[in-house]
Amino acid sequence: MSDPAPGGPGIPQHRELVTAIPGPRSQELFARRAKHVAAGVSTTLPVFIEAAGGGILRDVDGNSLIDLAAGIAVTSVGNSAPEVVARVTSQVAAFTHTCFMVTPYDSYVDVCERLGELTPGDHEKRSLLLNSGAEAVENAVKIARSFTGRQAVAVFDHAYHGRTNLTMAMTAKNMPYKSGFGPFAGEVYRAPVSYHLRDQLKGQEAAERAIDVLEKQVGTDNLACLVIEPILGEGGFVVPERGFLPRLAEWAKAAGVVFIADEIQTGFCRTGDWFACDDEGVVPDLITTAKGIAGGLPLAAVTGRAEVMDAVHVGGLGGTYGGNPVACAAALGAMEAMEKHDLARRARHIGAILAERLTALQADHPVIAEVRGRGAMMAIELTGPDGRTPDPARAAAVNQACHSAGVVTLTCGTYGNVFRFLPPLVIGDDLLNEALDVLTEAFTATA
Ligand SMILES: *Cc1c(COP(=O)(O)O)cnc(C)c1O
């Protein structure tokens, strides 16, 4: 099953470097960037891109780089996937905006219908469309507060939920997301998550530890919702032990607390299922989605139980651009591509390759304390010989070596010591294996 990449504007699927990385043209553009773009916006790899497709990003100097980032889990169907391009092109020529709250159009309704079908649970659902993941998380909290008449929000250690004021409060990590940006929104409480490498607890035990914090420090009568990423994203691709999520969902149900799964990074086939909650059959009351939803166009959603979603008064939800028709067309195209090419199966196949190669790498490099993840959302955590002390310096060195060799890799984690792999789901096997060869060389070179 070495399906070549569909999609992409016919870009040859191989790595080729014709200059040093970054090349002279990228360096020129980067100098301009520094003059005109706010310094607070960071850059992982300063090459400017002029075309992309399948598993390749081609830069302005003519270098072809292997993409293991997918624009942070966004272009799961590939860049400029044909299904997305066709629908976006005809929509953009028909009309670009009316505002769904002024005069509606059917693609918004179509996306909501598809979200209702694809998300976990067969209860009656409603959806709300927005522009960004953070906006979806904010709205999910608004809806849960409106439904319960309660105010407190429970989040977890190492969580990432966005950069707006409320979602900054919900995000765990200070630098770079929060430092100097306070005061933060109130009524946000943090509980410990299940992180086996660091706590050695079984899922059920870790759940009871979190529940104890919420019951004793917040009080269930005050708690509107619990918001959790089923696999932590920016916080280090931490996979909670089995039993953790089901126990929390069961507890939330009994306590009248709205269970919100933030599947903004894990959703849309990334983990080998339509959604990461499917793995243990967890059915959230509300689910937030964005990133992979629309093949690269900005769209986000809150989907959930009809009675929870409809608790909000008319006019209480919305926004000028939310569910823009071009973004909706893209989402319908992306979902069509996921179904047509069975990208959930493809994610599992990518996950099998990653697991095998990364486990072999770990055998040669004890700095890799753990290989973890699911489907095309895998990571390795780097530590000292004790298997705990984070080694962000080595992660940075390996990352740099990969970038210089033309492979776009990303790190993450509260301690910056986790390497994460998020290739487009349409990457070919050969290209993926070549990227992992480069990674292997980078570990040897930095030993
Ligand atoms: C990226 C992300 C967000 C924020 O999404 P934006 O579109 O950047 O606002 C929220 N939650 C999770 C889990 C994410 O990965």
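The values are calculated or read from the model by the stated rules, or taken from the named source; none is laboratory data. Source: prediction; values computed, not measured. Cβ placement follows ideal geometry from the backbone for every residue including glycine, while neighbour counts extend to all protein chains displayed. With ligands, DNA and RNA removed, areas are computed over all heavy atoms of the protein, side chains included. Shrake-Rupley method; radii C 1.70, N 1.55, O 1.52, S 1.80 Å.
Remarks
- Considering region 150-197, and only residues there that are small (G, A, S) and touching a residue at least 40 places away in the same chain (Cβ under 8 Å), the residue that is nearest to V371 (Cα to Cα) turns out to be S194.
- Those residues of region 282-301 which are away from the ligand (no atom under 12 Å from the Cβ) and part of a strand (DSSP E or B), in sequence order: L286
- Among the residues of region 387-446, those identified as outside any helix (DSSP H, G or I) and open to solvent by 30 Å² or more (accessible area, probe 1.4 Å) are R388, T389, P390, D391, T411, T414, Y415, T446.
- Contact map, region 66-85: residues that are among the small types (G, A, S) paired with residues that are open to solvent by less than 30 Å² (accessible area, probe 1.4 Å) and in a helix (DSSP H, G or I), Cβ distance under 7 Å, separation 6+ or inter-chain. Pairs shown: A73/G292; S76/A70; S76/G292; S76/L343; A81/G333; A81/A334; A81/A337.
- In the set G323, G333, only one residue is open to solvent by less than 10 Å² (accessible area, probe 1.4 Å), modelled with pLDDT of 95 or more, in a helix (DSSP H, G or I) and closer than 30 Å to Y105 by Cβ; that residue is G333.
- Conditions (1) within 14 Å of the ligand (Cβ to nearest atom); (2) within 18 Å of K142 (Cβ to Cβ); (3) among the basic types (K, R): number failed by R305: (1)
- Qualifying positions in region 156-167 - away from the ligand (no atom under 11 Å from the Cβ) and within 19 Å of V302 (Cα to Cα): N165, L166
- Restricting region 198-225 to residues that are of a type in the set (A, V, I, L, M, F, W, C) and either in a strand (DSSP E or B) or without any contact (Cβ under 8 Å) to a residue 40 or more places away in the chain (or both), the residue that is surrounded by the fewest Cβ atoms within 10 Å (Cβ to Cβ): V213
- Residue count for region 260-281 under the criterion of being in a helix (DSSP H, G or I) and either in the same structural domain as A52 (by TED's automatic domain parsing) or surrounded by fewer than 24 Cβ atoms within 10 Å (Cβ to Cβ) (or both): the result is 3.
- Index of the failed condition, A134 passing every other in (1) outside any helix (DSSP H, G or I); (2) within 16 Å of the ligand (Cβ to nearest atom): (1)
- Filter pass, Y177 being farther than 19 Å from E280 by Cβ, open to solvent by 20 Å² or more (accessible area, probe 1.4 Å), away from the ligand (no atom under 16 Å from the Cβ) and in contact with a helix residue (DSSP H, G or I) (Cβ under 9 Å, 6 or more places away or on another chain): no
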